Amino acid sequence: MLFASTTIEEVVLPAAQPLIPASWTLPLGVLLVLVVIALVAWALQLMQAAMDQREFSLMLAGCLVCSAAVGLATVMVMALNGLML
C-alpha cells in the first residue's frame, strides 16, 4: 500500500518583477482608460441601435462589448497596481 508523504516543504518564490516599467504606468493607464471609454461608447451605440431596430442580436453584442470593457478595466487595475494576475 502506498502512502503520501506528510511533510510540508516551504516553497520560496523569487522576488516579483514589475510587469511594466514605472515610467510607462501613467501613459499606459491613460491609454487603457481611453480604450475602455471607447468600448463603452460603442456598446451604448449598439444597444441604442438594438432599441431602434428591435433587434436582439445588437443588444447581445452591446452587452458583450460592455463586458469586454469591464474585463479590460479589471486587468488594467490589477496590472498597474502590481497585483498578481
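Assorted remarks:
- Computed FRET value (nearest 0.05) for Thr25 with Leu60, which takes r as the C-beta separation and R₀ as 41 Å: 0.70
- Residues in the range 55-77 reached by a label modelled at Ala38 [backbone nitrogen below 16 Å; 7 Å Cα→Cβ]: 65-66, 68-70, 72-73
Since every read-out is calculated from the coordinates, none of them should be taken as a lab result. Computed from a predicted structure; not experimentally measured. Note that we place each Cβ from the backbone using ideal geometry, even for glycine, and neighbour counts take in every protein chain shown.
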